[in-house]
Amino acid sequence: MFTSWRGVVGDIKPTYRPGSLEEFIRLLPEGIGVIPLTVGISSGTTDEFRQVLEVYKEKVAQLAGLQVDLIHVGGAPPMMVHGFKGEAEIIEALETKHKIPITTSGRTQIDAFKACGIKSIVGVTYFKESQNQMFARYFTEAGFEVAAIEGIDVPFQDVGRLPSEAIYAHTKKAFLQHRDVDGIYLLGSGWRLLRIVSILEQDLEVPVFYSLAAKLWDVQRRLHVRQPIRGYGRLLEHLP
């Protein structure tokens, strides 16, 4: 129904927070269109993440009706709560029903890890310990060694206000406690971290993976576009 000369991606945002959508569109190669929809997550609790599955399915159906080329289900936690295998079953059923490629934040991260030869990670989030354990199980089930997933203490509603310097310090501390890992994973699209990604990679000498980079990389490869993006980490610079 809607077309753009390099393809159209349907992007389902988990929250109404500004920032992530603007960054995504700004860094996409010219000619890729975006149709954004929002689920409206507000509290960031595990119960809320479980309850919004039907809302996500409705958004997928809406985008499929618009005949987009690819659907990205944003927000890692709402799908990770179902486990690695549970998420796979949900996505497989939706793809079978709508006949459109569908991916998730977690899946794009897993694919990015594999493309870069990553076998072990240390994670950083803005979620609570019980939720971080759930995220760790997800990646362990996917075949990765998770040294730790460390949460930073910030209210869910205030994540976007967290200074990038604080994210840098928290991430560096977590890595230095587990410095034998292959890479660093920053879970969540709520925080603004583009300014410190390359600095972290330079200082710690390991690749840094985060939701926006993985989504940009995944959209390009699925739409058969190859346009490196400089300044925001190795994944986007090398497009493995």
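The values are calculated or read from the model by the stated rules, or taken from the named source; none is laboratory data. Since the structure is predicted, the reported quantities are computational estimates derived from the model, not experimental observations. A quick note on method: Cβ atoms are made from the backbone with ideal geometry, for glycine too, and the neighbour counts reach across all protein chains shown.
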Would region 44-64 turn up any residue that is modelled with pLDDT of 95 or more, under 16 Å from the mean Cα position of the chain (by Cα) and farther than 24 Å from Lys97 by Cα? no
Ile41 passes all but one of the listed conditions (1) more than 23 Å from Gly183 (Cβ to Cβ); (2) free of Cβ contacts under 8 Å to residues at least 12 places away in the same chain; the exception is number (2)
Candidate set: region 8-34, residues that are of a type in the set (Gly, Ala, Ser) and buried (at least 19 other Cβ atoms within 10 Å of the Cβ); chosen: the one nearest to Leu70 (Cα to Cα): Gly10
If you go through Leu27, Leu66, Leu21, the only one that is farther than 19 Å from Trp217 by Cβ and of a type outside the set (Val, Ile, Thr) is Leu66
Determine if region 117-125 includes at least one residue that is buried (at least 22 other Cβ atoms within 10 Å of the Cβ) and assigned to a helix (DSSP H, G or I). no
Checking Val154, Val146 in turn, the sole residue that is β-branched (Val, Ile, Thr) and farther than 21 Å from His82 by Cβ turns out to be Val154
Do we have any residue at all in region 125-138 that's of a type in the set (S, T, N, Q), more than 22 Å from Pro207 (Cα to Cα) and touching a residue at least 60 places away in the same chain (Cβ under 8 Å)? yes
Could you check region 149-189 and list, in sequence order, the residues that are in contact with a helix residue (DSSP H, G or I) (Cβ under 7 Å, 6 or more places away or on another chain) and aromatic (Phe, Trp, Tyr)? Tyr168, Phe175, Tyr185
Checked Gly74, Gly19, Gly31 against criteria (modelled with pLDDT under 95 and within 28 Å of Arg226 (Cα to Cα)); the one match is Gly19
Scan region 1-37 residue by residue and report those that are under 18 Å from Ala61 (Cβ atoms) and either of a type in the set (S, T, N, Q) or assigned to a loop (DSSP other than H, G, I, E, B) (or both). Met1, Phe2, Pro14
Gln133 in a loop (DSSP other than H, G, I, E, B), surrounded by fewer than 18 Cβ atoms within 10 Å (Cβ to Cβ) and at pLDDT 95 or above: no
Search region 207-229 for residues that are farther than 24 Å from Gly190 by Cβ and pair each with any residue that is among the polar types (S, T, N, Q) and surrounded by fewer than 23 Cβ atoms within 10 Å (Cβ to Cβ) when their beta-carbon atoms are under 7 Å apart and the residues are at least 6 apart or on different chains. Arg226/Gln220; Gln227/Gln220
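Out of all the residues in region 98-109, is one or more out of contact with any Pro (no Cβ under 8 Å at 6 or more places or on another chain), assigned to a helix (DSSP H, G or I) and over 17 Å from Tyr210 (Cβ atoms)?
First, pick out the residues of region 98-109 that are out of contact with any Pro (no Cβ under 8 Å at 6 or more places or on another chain): 98-109.
When the remaining residues are screened for being assigned to a helix (DSSP H, G or I), the result is 98, 105-109.
From what's left, over 17 Å from Tyr210 (Cβ atoms): 98.
Yes, because at least one residue in region 98-109 is out of contact with any Pro (no Cβ under 8 Å at 6 or more places or on another chain), assigned to a helix (DSSP H, G or I) and over 17 Å from Tyr210 (Cβ atoms).
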Filter region 160-198 for residues that are at pLDDT 95 or above and aromatic (Phe, Trp, Tyr) and give the result. Tyr168, Phe175, Tyr185
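For (1) part of a loop (DSSP other than H, G, I, E, B); (2) touching a strand residue (DSSP E or B) at 6+ places or on another chain (Cβ under 8 Å); (3) closer than 21 Å to Val9 by Cβ, each residue gets a yes or a no:
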position	(1), (2), (3)
Arg50	no, no, no
Lys59	no, yes, yes
Leu63	no, yes, yes
Val68	yes, yes, yes
Pro78	no, no, yes
Ala88	no, no, yes
Glu92	no, no, yes
